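> The structure's right below; bear with me while I get my questions together.
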Amino acid sequence: MPFRAVKGMNDVLPEEVGRWQHLEATFRETVALYGYQELRTPIVEETQLFVRSIGEATDVVEKEMYTFERHRESLTLRPEGTAGAARAYVEHARQAKEPVSRLYYIGPMFRAERPQRGRYRQFHQAGCEVYGDKGPYGDAEMIGMLVDLLTQLGIGDLRVAVNSIGGAETRELYRLALLEYFMPQLAALSDHAQARLQINPLRLLDSKDPRDIAVAAGAPSILELLTPEDQEHWDGLRRALDALKTPYTVEPGLVRGLDYYTRTLFEVSSTAGDLGSQNALAGGGRYDAMVRGLGGPEVPAIGFAMGLERLLLAMPDSKPSMAPFCFFAPLGAAAAPTALALARELRERGFRAEVDGRGTSLKSQLRRADALGARLVVVLGESEIERQVAQVKDLAGHSQREVPFGQLAEELVMSLQSSVPSAERAP
Ligand code: AMP
């Protein structure tokens, strides 16, 4: 049996990688305009970091982590980026260096979920975190930036859901209100929900089980229980979103799967492209208690993560334009080394060049140049080497001319430059 990639983990082949690079570059450029700097953390962390920050009664921690033991240490492949970023923030005492840290990351995440379209076991997230800004205006700026970024990527039909789950005090009030609401209907809930109710009744609001969904539909809204401070934060967020003209919908049922959130929560979905049922593109929220909870100082924080595979499914299909390039077709053993040297001269001038090293017939080499989309083909046969000239074929113009070696590089550069608008040329 030949080897296959692990289930739910995908190769990104050369034909697809251009779209990935475009997506990643657009993300980096956009967030840099807002002052974010990249943070790279290890892919593996101590298991307890995720248990403590994500929360025990969450799907991710309960059943989706890739955990293994080495040298009597329990380690886990990161299922998300926030915990590692917060760990690094605390470990390097970033608060002592700067009052506000704006960080971003891009990389693979791992969750043992049931694979389907848009849901994988190794997937990629790009995310942003801000430490040291308690909001709500920074929250609105982050949501606005995310929406603008997705729009710039060509993703339409966006739906931006926003909610506040308040701070600890509000959530305790809400926990009691939910218990009071759910307890009399306990028998109508799924077994899993029944078991979780006492641990964290908020979890029931994002259960996927139809029985839980039916009961949760009538649950009280947390927005009615906000303390005055939480209410002020929520009102400020909405005013700032309105000022930014970022469209959004208030969704009181939005609690999101992870335990660490406080106050602002948001999620962006879309019905564009090939997304299907996995249409959540990005999600995030405020987690004011996490830095403290990980042994750091009292520093408020907010962040979001977006799934790159899903963005690629939602983005319009566009072929990245290829820079024009030159293909060298040497015929015979004497021509090949000359072709290598001539090709290098072109590359030194910043142009792509490829030499056919197969030693096959002219016809087969021309076929390959055509398939690769080359603009020019330089044919070098024995008689050309003897006379120190090359036959230059212009595949687009269907013309051919003889050029002496001394002028070849300059002539090729001129033809390649004139064949496309300068913006599309290789640097
Ligand atoms: P989360 O970290 O669960 O809040 O997810 C944030 C975003 O990551 C989601 O909106 C998805 O776009 C993406 N995502 C989460 N889990 C997966 C997965 N298993 N496969 C692909 N994308 C995912």
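> For the condition under 23 Å from ALA25 (Cα atoms), in contact with a strand residue (DSSP E or B) (Cβ under 6 Å, 6 or more places away or on another chain) and more than 12 Å from the ligand (Cβ to nearest atom), what is the one hit in LEU158, LEU153?
The match here is LEU158.
> Can you pull out every residue in region 288-303 that is open to solvent by less than 50 Å² (accessible area, probe 1.4 Å) and either away from the ligand (no atom under 12 Å from the Cβ) or over 25 Å from the mean Cα position of the chain (by Cα) (or both)?
The answer is ASP288, MET290, VAL291, GLY293, LEU294, GLY296, PRO297, VAL299, PRO300, ALA301, ILE302.
> Could you grab the pairs with beta carbons closer than 9 Å, sequence gap of 6+ or different chains, first residue in region 381-410 and on the phi > 0 side of the Ramachandran plot, second one open to solvent by 20 Å² or more (accessible area, probe 1.4 Å) and among the hydrophobic types (A, V, I, L, M, F, W, C)?
As it stands, the answer is GLN388/PHE405, since those pairs meet every condition given.
> Further question on the same structure: Taking region 211-248 as the search range and keeping residues that are of a type in the set (A, V, I, L, M) and closer than 19 Å to ASP139 by Cβ, which one is farthest from the ligand (Cβ to nearest atom)?
Step by step, filter region 211-248, then rank; the result is ALA243.
> While we're on this one: Among the residues of region 249-269, write down those that are modelled with pLDDT of 95 or more and within 15 Å of the ligand (Cβ to nearest atom).
THR264, LEU265, PHE266, GLU267, VAL268, SER269, listed by residue number.
> Scanning region 182-200 for residues that are part of a loop (DSSP other than H, G, I, E, B) and free of Cβ contacts under 8 Å to residues at least 24 places away in the same chain, which turns out farthest from ALA57 (Cα to Cα)?
Only one residue tops the list, namely SER190.
> Mind checking which residues of region 111-128 are within 14 Å of the chain's Cα centre (by Cα) and in a strand (DSSP E or B)?
ARG119, GLN122, PHE123, HIS124, GLN125, ALA126, GLY127, CYS128
> Additional query: Can you name the number of the only condition in (1) touching an Asp or Glu at 6+ places or on another chain (Cβ under 9 Å); (2) outside any strand (DSSP E or B); (3) open to solvent by 20 Å² or more (accessible area, probe 1.4 Å) that ILE106 fails?
Condition not satisfied by ILE106: (2).
> Something else now. From the list ALA369, ALA374, pick out the single residue that is open to solvent by less than 60 Å² (accessible area, probe 1.4 Å), closer than 10 Å to CYS326 by Cβ, touching a residue at least 24 places away in the same chain (Cβ under 8 Å) and part of a helix (DSSP H, G or I).
When all the criteria are applied, what remains is ALA369.
> Can you tell which of ALA409, ALA423 is more than 21 Å from THR338 (Cβ to Cβ), modelled with pLDDT under 95 and small (Gly, Ala, Ser)?
ALA423 is the lone residue from the list that is more than 21 Å from THR338 (Cβ to Cβ), modelled with pLDDT under 95 and small (Gly, Ala, Ser).
> A further question follows. Please go through region 214-240 and give me each residue that is open to solvent by less than 60 Å² (accessible area, probe 1.4 Å) and assigned to a loop (DSSP other than H, G, I, E, B), ordered by number.
GLY218, ALA219, PRO220, SER221, LEU225, LEU226, THR227
Each row is one residue, and each column tells you yes or no for (1) of a type in the set (Gly, Ala, Ser); (2) open to solvent by less than 60 Å² (accessible area, probe 1.4 Å); (3) in contact with a Phe, Trp or Tyr (Cβ under 7 Å, 6 or more places away or on another chain).
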| residue | (1), (2), (3) |
| --- | --- |
| THR360 | no, yes, no |
| LYS363 | no, no, no |
| GLY381 | yes, yes, no |
| GLU384 | no, yes, no |
| ASP394 | no, yes, no |
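> Next question. So, in region 305-356, how many residues would count as being polar (S, T, N, Q) and exposed (fewer than 13 other Cβ atoms within 10 Å of the Cβ)?
Of the residues in that region, 2 qualify.
> Quick check: is even one residue across region 166-180 in contact with a strand residue (DSSP E or B) (Cβ under 9 Å, 6 or more places away or on another chain) and modelled with pLDDT under 90?
Yes - at least one qualifying residue is present in region 166-180.
> So, LEU205, is that one within 16 Å of the ligand (Cβ to nearest atom), open to solvent by 10 Å² or more (accessible area, probe 1.4 Å) and in contact (Cβ under 8 Å) with a residue 24 or more places away in the chain or not?
yes
> If you check GLU267, GLU251, which single one turns out to be over 21 Å from SER101 (Cβ atoms), under 21 Å from the mean Cα position of the chain (by Cα) and open to solvent by 40 Å² or more (accessible area, probe 1.4 Å)?
Result: GLU267 is the single residue among GLU267, GLU251 that is over 21 Å from SER101 (Cβ atoms), under 21 Å from the mean Cα position of the chain (by Cα) and open to solvent by 40 Å² or more (accessible area, probe 1.4 Å).
> Give all pairs with beta carbons closer than 8 Å in which a residue from region 101-128 that is under 16 Å from THR30 (Cβ atoms) and of a type in the set (Ser, Thr, Tyr) meets a residue that is part of a loop (DSSP other than H, G, I, E, B) and away from the ligand (no atom under 11 Å from the Cβ); count only pairs at least 6 apart in sequence or on separate chains.
Close Cβ pairs satisfying both conditions: TYR104/TYR36; TYR104/LEU39; TYR105/LEU39; TYR105/ARG40; TYR105/THR41.
> Which of the residues that make up region 272-287 are crowded, with 21+ Cβ neighbours inside 10 Å and more than 10 Å from the ligand (Cβ to nearest atom)?
ARG286, TYR287
> Next question. Please determine, by comparing only the residues of region 140-187 that are hydroxyl-bearing (Ser, Thr, Tyr) and open to solvent by 10 Å² or more (accessible area, probe 1.4 Å), which one is farthest from ASN200 (Cα to Cα).
Step by step, filter region 140-187, then rank; the result is THR151.
> Ok, one more. With (1) within 12 Å of the ligand (Cβ to nearest atom); (2) open to solvent by less than 40 Å² (accessible area, probe 1.4 Å) as the list, and TYR120 as the residue in question, which single condition is left unmet?
Among (1) within 12 Å of the ligand (Cβ to nearest atom); (2) open to solvent by less than 40 Å² (accessible area, probe 1.4 Å), the lone unmet condition for TYR120 is (2).
> Okay, next question. Of the residues that sit in region 244-284 and are among the small types (Gly, Ala, Ser) and without any contact (Cβ under 8 Å) to a residue 60 or more places away in the chain, which one is farthest from ILE213 (Cα to Cα)?
GLY283
The values are calculated or read from the model by the stated rules, or taken from the named source; none is laboratory data. Keep in mind it's a predicted model, so treat the numbers as computed, not measured. Cβ coordinates were reconstructed from backbone atoms using ideal geometry, including for glycine residues, and neighbour counts include every protein chain displayed. Quick note on the areas: whole protein, heavy atoms, side chains included, nothing else; ligands and nucleic acids left out. Shrake-Rupley method; radii C 1.70, N 1.55, O 1.52, S 1.80 Å.
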